[in-house]
Structure formats: structure tokens, C-alpha cells
Number of protein chains: 2
Amino acid sequence: MVRKTKLDAELTRQRIIDAAREVFLARGVSRSTLEHIATRAEVTRGAVYWHFKNKTEIFHAIRDQVFLPLIDRMDDTLTVENSDDPLTQIENSLCDTIHELNNNIQMRQTYEIMMMKCEYVDEFATVLQQILNNCSSITDKFELAYKRAKSKKILAGPHTPRALALDTHLFFSGLLHMWVKDTDGSKFRFQATVLIKSHIQLRRK
Amino acid sequence: MVRKTKLDAELTRQRIIDAAREVFLARGVSRSTLEHIATRAEVTRGAVYWHFKNKTEIFHAIRDQVFLPLIDRMDDTLTVENSDDPLTQIENSLCDTIHELNNNIQMRQTYEIMMMKCEYVDEFATVLQQILNNCSSITDKFELAYKRAKSKKILAGPHTPRALALDTHLFFSGLLHMWVKDTDGSKFRFQATVLIKSHIQLRRK
DNA sequence: TTATATACAAACATGGATGTATGTAAATAA
DNA sequence: TTATTTACATACATCCATGTTTGTATATAA
């Protein structure tokens, strides 16, 4: 039995992606061979080359499957404009992402790969620009939310929404990095939401 | 002329390290060959294997040369206990690191390699633990400084020194990551010190 | 029903990286 | 002065990953 139905083919494609994610995580992207991935997916390299041009294409497939939905989701939480508590809105968008990291294995693995198991050179360098762009966009959303918070007079101190947004973005960026690195959970994973609440609390009047 | 004097040998060793740093930066650690490094250093692989066991050992040499002094330096700035303004002390320690990143090419390159051009698996995984440990230690230093600030009554709000320290650490961790990624400087590099001052200002009564 | 395209497996060909072994001229020790 | 290291360069052997080509059974279209 060689030739599969279209649905079967789609299943093996997904199996290859899943296998690649786990192999990447364990061995790092550059040390992972297509043979490793194929074996883990219980196919041959022939199947892998049928579905993907090369390793880079698998990498992007993994990334797109997890990151594109996540960005949309974060956007959604932040963009609601008629919230009566924009600070809680920011807090929720951050906690929501952490919550996803905790519960969604694929997402956790993907984050770990992107942050610690790949090298941003050549073909991968373009990914960096995308990351930068997403960061800008998220920071802008934070700023808008802080503006709304300011007009509602719930902000402590005289700080500009822009400065607060940048600070929050850097805080969260750092938190994500530490969350991912802290694989035993002792230092950051277990108290991530507490840290977020505390960060927001700093801004509340 | 083959055999060199001891001083000459030390020079070629350093040339190999410098070459490796630039090759790692351009090609990523795993795609960098000892041949690449040797060529750039204007020696042969023979010389490289004479001075280093393998690529990993070069990697550690690069790291140690830059990071060990940096950590000491940050410790020094933070540990002075009789400062009359602990908040400025924290601010200075952060700004000082950014200043070093701006002025010290080797340090900048090394940071970039560690953050974006290597994969933390196998032999490199141990480096991660070191990073985590350094982070804990720095956070502890922050906490002590914030405690001093609290006892001097210059802190705004009711927040604990521990929470403030963690928040600052995450902020700075994020800043370093973004600083490194922002290679054209437009988004973070040029305004890093402003962001730091603003972050500290948030805490000042 | 037959022809063709699909979804792979298996085989092949190539290049490149690693580590080691060997060679060697000069520095240094004795 | 001679013997012995030292600091490399050169040559060799091995392995491994990649990409491509070929083969093939079957799903699907006509």
C-alpha cells in the first residue's frame, strides 16, 4: 500500500510537522536531519521531500501554525475599545498568552524552538524582521490601551502612554524569554501571572 | 618559519577567537566550520586544533572573555551599599551595561551570538543554567538595592522590593533582547537609556 | 475501464565537515 | 651544542546529510 488518499496525505504532512517540532526541540534545528524527522514521523525522507522543499520550509510551517493564530488572538483581546478597565484588559492579554503557553504543548514547544533552538541567519533572518514588526504592533496596541486608561484617570503618576507601553512590552518580552528558559518552572513559570498582575498594579492609581 | 614564540602563540590563539566570533556572527555557530574560522584567522585547521579541542571550546572561550568581566562589573556597580540614591544606582548599572554594548564591539557581537546565533542543546545546554543563575544573582542584587531605596522612603507605592526587582529584571532582560535584535537601532538602541530612566522613574516617589 | 497523476519508498551520487595522524622547522631546555 | 618540545601545516580516512532520480502501487479522473 503506497498511494494514500488526499486525507491520508494531509495526515502524514501533519505528522511530519509534529515530528519535526519534537526533533527540533530535542536536537536543535541545525542538528536535526530530515532522516531524524522522517523516522520520528514513521515515513521515509521521500515523504518529507514530497511535502516540503527542505528543512527551512518545515520550520516555517511549524512557526505559522502556532504564531499566526496567537498574534491574532492577542490583537483581539487588546483591540476591544469599549472596555471600562483598559489596564485589566492589558493584564488579561498577557495572562492569556501565558495561559496558552501552559496549556498548549505545540505552542510551548514552538516558542522554545524559536527562542533557544535555532540560529537567525540567512533564510531565518527574515523571521527576525517579522518578530520586530509584531513587537511594534503589539506595543502600539498597548499604547492605545494605556491612552484609554489615562483618559479614564486610573493611571498612577505622570507617565506617557507610550513610555508605559514600551516598558510593558519589554517586561513581557523578558518574561516570555525567562518563562521559556525556566524549564523546571521554579523561577518564573509558576508565578508568571503574579508577576504580570504586579507589573500592572505598578501603574494603577 | 613554523615554530612561534610563546607570545606569538598567544596572539594566534586570540586571532582564532576573534575570527570565530565574526564567523559565528555571520554564519551562526552550527554552520560555521573550523575551516571558515581558520581561514579568517589566516591559519590552518591544524592551528585551531592545537589551541582548542573543538568548536564548543572556542564558543566557551568567546563567552568567558566577555561575560565574566561583565557580570563582575554589574555586580560591582550594584553592590556598593552606602549609596544615598539606590534607584540611581540601579539605573546606572543598567545604563552602564547598555553603554558597554554600544562601545565594545566584542561584547556586542558576543551578545548577538548568544542570543540569536546559537542553539542551546547538548553541550550548550549547560550555558543556559549559567545564564539562569546569573539572572537570579542579579535579581537578588536589585532586590537589595530596592530594599535600601524603601528604607530611604524614596519608593512610590506599596510594592515589595522583591516584586520591583523581578519586574526590573524582566524589563532589562527584554531590553537586552530587543536591543540586540534591533540591529538598525531605530526602535531600541538609540533610546535604551531613555527607556531605562523611564522605568526607574516609575518607581520614584 | 483505462490512463494518468499522486504519494510515497528506495537507491544513488555528491560534497563537505570532522578528527586524527604525520611531518617539520624553529624555540627552548639541558 | 644537542635533544626535545612546541606550534603549527599538510595529508588522510571516515562519516554523514543533502538532493535527486527512479521505481511503484494505488487513488482518481475521464
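Can you give me the distance in nm between label points at A:Asp64 and A:Lys153, each placed 7 Å from the Cα along the Cα-to-Cβ direction?
5.0
Where nothing but the Cβ of Lys and Arg (+1) and of Asp and Glu (-1) is charged, how large is the charge dipole of the range B:1-85 around its Cα centre, in debye to the nearest 20?
Numbers: 14 positive and 14 negative charges, 208 e Å.
Roughly 1000 debye, rounded to the nearest 20.
Can you compute the modelled spin-label distance between A:Lys205 and B:Gln130, with each label point 7 Å from Cα toward Cβ, in nm?
The answer from the label model is 5.0 nm.
Calculate how steeply helix A:161-181 sits against the longest principal axis of the alpha-carbon atoms of chain A, using the helix alpha-carbon long axis, and give the answer as 0 to 90 degrees to the nearest 10.
40
In Å², what does the accessible area per residue of the range B:1-52 work out to with a 1.4 Å probe?
Averaged over the residues of the range B:1-52, the accessible area is 64 Å².
Longest span of chain A, sites excluded, free of GluC sites (Glu not before Pro) in DSSP loop with at most 13 other C-beta atoms within 10 Å?
In chain A, the maximal stretch lacking such sites is A:82-205.
State which entries of B:Lys4/B:Lys55; A:Lys150/B:Lys153; A:Lys181/B:Lys197; B:Lys6/B:Lys55; A:Lys150/B:Lys197 exceed 25 angstrom in Cα-Cα distance in the structure shown.
The answer is A:Lys150/B:Lys153; A:Lys181/B:Lys197.
Rg and Dmax in Å for the protein assembly as shown, alpha carbons only: what are they?
Expressed in Å, the Cα Rg and Dmax of the protein assembly as shown come to 23.4, 79.
Of the trypsin sites (Lys or Arg not before Pro) in the range A:1-95, which ones lie in a loop per DSSP and count no more than 13 other C-beta atoms within 10 Å?
A:Arg3, A:Lys4, A:Lys53
Based on the Cβ-Cβ distance from A:Val80 to B:Thr39, what FRET efficiency comes out when R0 is 41 Å, to the nearest 0.05?
On the way: r = 57 Å, r/R0 = 1.38.
Computed FRET efficiency for A:Val80 and B:Thr39 comes out at 0.15.
Of A:Cys135, A:Leu155, A:Met114, which is farthest towards the positive pole of chain A's charge dipole, taken about the Cα centre with +1 and -1 on the beta-carbons of Lys, Arg and Asp, Glu respectively?
Going by the charge dipole, the pick is A:Leu155.
Starting from the range A:125-156, pick out the trypsin sites (Lys or Arg not before Pro) whose DSSP state is loop and whose Cβ has at most 16 other Cβ atoms within 10 Å. List each step's numbers first, then the result.
Details: sites: A:Lys141, A:Lys147, A:Arg148, A:Lys150, A:Lys152, A:Lys153; in loops: A:Lys152, A:Lys153.
Sites meeting the loop and neighbour criteria: A:Lys152, A:Lys153.
Given label points at 7 Å from Cα along Cα→Cβ, what nm distances, shortest first, separate B:Ser136 from the same residue in every other copy?
4.0
Taking the Cα centre of the range B:62-201 as origin and charging only Cβ (+1 Lys, Arg; -1 Asp, Glu), how large is the dipole, in debye to the nearest 20?
Using Cβ point charges on Lys, Arg, Asp and Glu, the range B:62-201 gives about 520 debye.
Rounded to the nearest 500 deg cm²/dmol, what is the calculated helix-only ellipticity per residue at 222 nm for chain A, with -39500 (n - 2.57) per DSSP H run of length n ≥ 4?
-24500 deg cm²/dmol
Based solely on C-alpha atoms, express the radius of gyration and the Dmax of the range A:1-52 in angstrom.
Reported Rg and Dmax, both Å: 10.9, 34.
Which angle from 0 to 90°, rounded to the nearest 10, does the C-alpha axis of helix A:6-27 make with the longest principal axis of chain A?
On a 0 to 90 degree scale, this one is about 70.
Suppose the Debye formula is applied to equal point scatterers at every Cα of the range B:62-115; what is log10 I(q)/I(0) at q = 0.14, 0.15, 0.16, 0.23 Å⁻¹?
Values, matching the q order: -0.40, -0.45, -0.50, -0.86.
Quote the Stokes-Einstein diffusion coefficient, in whole µm² s⁻¹, for the range B:62-201, based on the Kirkwood radius over alpha carbon pairs, a temperature of 10 °C and a viscosity of 1.306 mPa s.
Using the Kirkwood radius from Cα pairs, D works out to 100 µm²/s.
What does the extension gain come out to for B:Leu144 and B:Arg162, with contour length at 0.36 nm per residue minus their alpha carbon separation?
That pair, B:Leu144 and B:Arg162, stretches by 5.6 nm at full extension.
The values are calculated or read from the model by the stated rules, or taken from the named source; none is laboratory data. From a predicted model like this one, the values you see are computed outputs, not experimental measurements. Please note: Cβ atoms are built from the backbone with ideal geometry, for glycine as well, and neighbour counts cover all protein chains shown. Each accessible area value is taken on the protein alone, full model and side chains, heavy atoms only, with ligands, DNA and RNA left out. Shrake-Rupley method; radii C 1.70, N 1.55, O 1.52, S 1.80 Å.
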